[in-house]
Amino acid sequence: MKLYSLKNGVNPRRVRIFLAEKRMSLPIEEFDMETRAHKDAAFLVKNPLGTLPVLELDDGTLISESVAICRYFEEMIPEPPLFGRSSLERAQVEMWNRRMELELLLPAIDVFVHTHPFWEGKREQVAGFGDLRRRQLIDRMRWLDGELVGREFIGVDRYNIADITAQVALLTARGALKLSIPEDHRNLARWWSAVSSRPSARA
Ligand SMILES: N[C@@H](CCC(=O)N[C@@H](CS)C(=O)NCC(=O)O)C(=O)O
């Protein structure tokens, strides 16, 4: 089994944090945005979209999509449960992970792609769309701050995939977008400090 990852890629990071929480290690082959080997024919047979992460099983089966890869490892290594323990928890985690993807992660990626110089000449950039997504991201950080009143983690009372998704979204915001958690977002800042100090955050 082998994981194809991308240096500094937000979705591969999601899988690496997940694996660290499961205390699972496996061979990882890192791709690089500069060399762009993930757009070569040799990789496009593994994922025609040319995106990462991709998991290759020993029999050659290929799994793309971060959450699909994480679900595979959840089945293989149930503890600690990162997708919820009961039917209700699994539904709550699904709900909150989807929200973290739609409301935080995708806006953060859109701001990065549409406004950052790194993407000039690599992708079509629509600056106005990037600015709109930045405003949405700022608004959603405030919303999440409110949702975290009295809560240690997102959605359920233990660290889960929704926390990981929000974590990598805010890593992108802080790093590439220079958008920190505002000082008055005390709940979000407390949550951020807790998730960032987990050993898996260094994965
Ligand atoms: N929905 C996919 C998104 C995969 C994706 O877009 N990955 C980015 C890295 S975060 C990528 O491979 N980008 C390479 C490129 O655009 O050239 C997932 O969750 O795995």
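Think of each Lys and Arg Cβ as +1 and each Asp and Glu Cβ as -1; about the Cα centre, that makes the dipole of the stretch 1-54 roughly 220 debye.
Extension gain, residue 147 to residue 178, is 8.8 nm, computed as 0.36 nm per intervening residue step minus the present C-alpha separation. Hey, what number do you get for the chain at 222 nm if only DSSP H runs of n ≥ 4 count, each worth -39500 (n - 2.57), divided across all residues, to the nearest 500? Only helices count here, giving -15000 deg cm²/dmol. Panel values: the chain, Kirkwood radius from alpha carbon pairs, Stokes-Einstein at 10 °C and 1.306 mPa s, translational diffusion coefficient 90 µm²/s. Centroid-to-centroid, using Cα positions, the stretch 15-36 and the stretch 135-203 are 22 Å apart. Every Cα-Cα pair of the stretch 87-202 was included, and the share exceeding 16 Å stands at 59 percent.
Rounded to the nearest Hz, the phi-derived 3J(HN,Hα) couplings of the stretch 57-68 under the Karplus curve 6.51 cos²θ - 1.76 cosθ + 1.60 (θ = phi - 60°) are 7, 4, 8, x, 4, 10, 10, 9, 6, 3, 5, 5, where x marks glycine and proline. Each residue of the stretch 148-163 was assigned a 3J(HN,Hα) from its phi angle through the Karplus expression (A = 6.51, B = -1.76, C = 1.60, θ = phi - 60°), giving 8, 4, x, 10, 7, 10, 8, x, 10, 8, 9, 3, 8, 4, 5, 4 Hz with x at Gly and Pro.
When you work out D = kT/(6 pi eta Rh) for the stretch 63-106 at 10 °C and 1.306 mPa s, using the Kirkwood radius from C-alpha pairs as Rh and the Stokes-Einstein form, the result is 143 µm²/s.
Under a model in which nothing but the beta-carbon of Lys, Arg (+1) and Asp, Glu (-1) is charged, the chain shows a dipole of about 400 debye around its Cα centre. Ordered by the number of other Cβ atoms lying within 10 Å of each residue's own Cβ, fewest first, 103, 29 fall into the sequence 29, 103.
Each of 192, 143, 96 was scored by other Cβ atoms within 10 Å of its Cβ. Arranged with the fewest first, they read 143, 192, 96. One chain, two ends: residue 119 and residue 44. Fully extended at 0.36 nm per residue, the span grows by 24.9 nm beyond their Cα-Cα distance. Here the stretch 2-76 is treated as a sphere whose radius is the Kirkwood value from Cα pairs; by Stokes-Einstein at 37 °C and 0.692 mPa s it diffuses with a coefficient of 264 µm²/s. With neighbour counts taken as other beta-carbon atoms within 10 Å, the residues 35, 165, 51 rank, fewest first, as 35, 51, 165.
Per-residue 3J(HN,Hα) values for the stretch 165-173, derived from phi via the Karplus relation 6.51 cos²θ - 1.76 cosθ + 1.60 with θ = phi - 60°, read 5, 5, 4, 6, 5, 6, 5, 5, 4 Hz in sequence order (x marks Gly and Pro).
Quick note: the coordinates plus some simple rules give every number you see, no bench work behind them. What you see is a predicted model, and the numbers here were worked out from it, not measured in a lab. Cβ coordinates were reconstructed from backbone atoms using ideal geometry, including for glycine residues, and neighbour counts include every protein chain displayed.
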